[in-house]
Amino acid sequence: MRLDKYLAQSTGFSRKEVKRMLHAEEVRVNGELEKNPARKVAEEDEVILDGYEIEAPRDRYIMLNKPLGYVCSHDEGDHASVLGLIELPRVDNLTIAGRLDVDTTGLVLLSDNGQWCHRITSPRHKLGKIYEATLADPIDESYIEKFERGIQLNGDKELTKPAKLEILSEQVARVELFEGRYHQVKRMFAALGNKVEELHRESIGPIALDDDLYEGEWRELTDDEVASIFNG
Ligand code: URA
């Protein structure tokens, strides 16, 4: 990684500020004064800024309990972005792994590691995403087989991939999807003549939303949770 990026990511200083520090002879790499922002540094190099050793930047992995009314996007339009809920430096560097609609709540995963996020969103890895849906009308037993066989969605070429539906009560169901099409849960129920009134994501693959997180709260994932996506 370039030295200026390494310093900016580890400290939260802007690249411009970092360049100024390099110019002012405040940076040493492996004991030598270094002024070149493009100098490549690796994890094992010792980087000292103003006398303090700077740790190599590490990827962050986060779970958020998304509240209603926030968008899973870096751009804010009529609604605030979920990124504003995460009080960390460089939130713009985080990728949102699998978006939820503005009126959907629940588990959102974010990371600086784009490859890790790709494993979550790529249908090739077949990670199940589990949602609890509250419907406007009673859920018919026949939906179970229809979800399993695949449903033709308006405007799509292919049937939806086999999905699991568990009826929890007359108007509440748990749905497990192995792909992520636009508004998929809502459109699947709409194709059967019903309407999703509330939607909440409970889990993504092996990672379940932490019960201790109130809406709008987040926490870093444990090492085991991070690894479970690569091992899953
Ligand atoms: N399906 C939907 O319809 N909306 C979501 O936010 C997620 C899945």
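The values are calculated or read from the model by the stated rules, or taken from the named source; none is laboratory data. In this text, all values refer to a predicted model and were calculated from it rather than measured experimentally. Positions of Cβ are generated from backbone atoms using ideal geometry, with glycine treated the same way; all protein chains shown enter the neighbour counts. The accessibility values were calculated without ligands, DNA or RNA, using every heavy atom of the protein model including side chains. Shrake-Rupley method; radii C 1.70, N 1.55, O 1.52, S 1.80 Å.
What the table shows:
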quantity: Residue list for the stretch 9-38, filter: more than 34 Å from the chain's Cα centre (by Cα) and among the acidic types (D, E); calculated: E25, E26, E32, E34
quantity: Boolean, H125 is open to solvent by 70 Å² or more (accessible area, probe 1.4 Å), of a type outside the set (D, E) and farther than 15 Å from N194 by Cα; calculated: no
quantity: Out of E76, E44, sole residue that is farther than 30 Å from P162 by Cβ, assigned by TED's automatic domain parsing to the domain that holds L33 and open to solvent by 70 Å² or more (accessible area, probe 1.4 Å); calculated: E44
quantity: Filtered residue count, the stretch 65-102, keeping only those that are in a helix (DSSP H, G or I) and more than 18 Å from H183 (Cβ to Cβ); calculated: 6
quantity: Residues being within 16 Å of the ligand (Cβ to nearest atom), assigned to a loop (DSSP other than H, G, I, E, B) and closer than 19 Å to K129 by Cα - total across the stretch 169-214; calculated: 8
quantity: Any chance I130 is aliphatic (A, V, I, L, M) and over 20 Å from D103 (Cβ atoms); calculated: no
quantity: E179 acidic (D, E) and within 25 Å of G69 (Cα to Cα); calculated: yes
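Okay, residues lined up against (1) β-branched (V, I, T); (2) part of a loop (DSSP other than H, G, I, E, B); (3) open to solvent by less than 80 Å² (accessible area, probe 1.4 Å):
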{"residue": "V108", "(1), (2), (3)": "yes, no, yes"}
{"residue": "C117", "(1), (2), (3)": "no, no, yes"}
{"residue": "I120", "(1), (2), (3)": "yes, no, yes"}
{"residue": "A133", "(1), (2), (3)": "no, no, yes"}
{"residue": "D137", "(1), (2), (3)": "no, yes, yes"}
{"residue": "E145", "(1), (2), (3)": "no, no, no"}
{"residue": "L153", "(1), (2), (3)": "no, yes, yes"}
{"residue": "P162", "(1), (2), (3)": "no, yes, yes"}
{"residue": "I167", "(1), (2), (3)": "yes, no, yes"}
